[in-house]
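Q: Below is one structure. I have some questions about it.
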Amino acid sequence: MKKFLVLLVAASSSIFACDKDKNKDKEYKSDEATLHSGKVWTSAKVDKDGKPQSVSIILNDAALNSVPLGQPSDHMSPQNNLLIPVSDKSGTPFKFIMLNWNSSGHEPEHVYTVPHFDFHFYTSNQNEVMNYMDEGKLAAEPAADYFPSSYVSGAPVPMMGKHYIDVNTPELHGQNFTQTFLFGSYDSKVVFWEPMITLDFLKNTNQFERPIAQPAKYQQAGFYPTKMQVSRHDGVTEISLTDFVSRQAS
């Protein structure tokens, strides 16, 4: 009888633990990738019902402090171009994040020619993006409703996509570039959402939040972010897409 009671208590404890775990938020982290002398990884947080809370790319201080400065930008080199998967349990359309370090920035001159990161949150998979080489598909644009109304197209980039930028972003109107938000396409499909942020801003900002302009329509149903956040704490800096809302395809 005593042995039976012990087994019953153990079983009850196990069931309780399982039920308790079901009521917890969860975080899914990728393996760490090396960025110069530091580390980078992704994180996806969901609530107890599996609804996405955030999708983030996280850099430790060693990464931010070791990226080279003043060199010609080679953002597609293996040292400066990382492809880091996002968990398939994120509850979002995002499959991986492409990090590009731009040591001297990139065009246009005197606007983005400062050291900064491009963080592309892709809804396509890595193999697809590495084959974004067709000039016609790079140039092909989705209908205007699939981007926020203030966005206009820029240059296409092979193995990346065509970029779209907000005409109202401050750095296009004489202010210094600190952070902005872009979208991207390939073959008439929206394929990435992109925070673009300077190294100086990341190293000197503890907390930051901005809204993400929303398109009128979505090509793919799913949960999409409405805010971008930067959080610096405990030796790491997180760049996160947050405040997800369910959208229908149209």
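Q: Which log10 I(q)/I(0) values, to two decimals, does the chain give at q = 0.07, 0.14, 0.16 Å⁻¹ under the Debye formula with one point per Cα?
A: Values, matching the q order: -0.27, -0.93, -1.22.
Q: Which ³J(HN,Hα) values, rounded to whole Hz and listed in residue order, are derived for segment 24-34 from phi using the Karplus coefficients 6.51, -1.76 and 1.60 in 6.51 cos²θ - 1.76 cosθ + 1.60 with θ = phi - 60°, glycine and proline given as x?
A: Each residue's phi maps through the Karplus curve to give 9, 5, 10, 10, 10, 9, 7, 5, 6, 10, 8 Hz.
Q: Which order do the peptides 193-203, 208-218 come out in when sorted by mean C-beta neighbours inside 10 angstrom, highest first?
A: 193-203, 208-218
Q: Same structure again: For K203 and L83, FRET efficiency with R0 = 22 Å and r from the beta-carbon atoms, rounded to 0.05?
A: 0.40
Q: Which whole-Hz ³J(HN,Hα) couplings does segment 170-186 yield from phi under the Karplus relation 6.51 cos²θ - 1.76 cosθ + 1.60, θ = phi - 60°, glycine and proline marked x?
A: Calculated HN-Hα couplings, in order: x, 5, 8, 10, x, 8, 5, 6, 10, 7, 8, 9, 10, 10, x, 9, 7 Hz.
Q: Between A249 and A213, what is 0.36 nm times their sequence separation minus the Cα-Cα distance? Round to one decimal in nm.
A: 11.2 nm
Q: Let me ask another. Taking a threshold of 18 Å on the Cα-Cα distance, which of the pairs K162/K227; K137/K217; K24/K51 fall above it?
A: Correct reply: K162/K227; K137/K217.
Q: Return the FRET efficiency for the residue pair A62, T113: r is the Cβ-Cβ distance, R0 is 22 Å, and the value is rounded to the nearest 0.05.
A: 0.30
Q: Moving on. At what distance in nm do the modelled label points of K29 and A144 sit from each other, each positioned 7 Å from its Cα along Cα→Cβ?
A: 4.6 nm
Q: Given points 7 Å out from each Cα along the Cα-Cβ axis, report the V167 to D47 separation in nanometres with one decimal.
A: Each label point is offset 7 Å from its Cα along the Cβ direction, giving 3.8 nm.
Q: Work out the FRET efficiency for Q175 and E238 from their Cβ-Cβ distance, taking R0 = 25 Å, and round it to the nearest 0.05.
A: 0.50
Each value in this text was obtained by applying a stated rule to the coordinates, not by laboratory testing. Bear in mind the structure is a predicted one, so any value in this text is a computation, not a measurement. Every residue, glycine among them, receives a Cβ derived from its backbone with ideal geometry; neighbour counts consider all protein chains shown.
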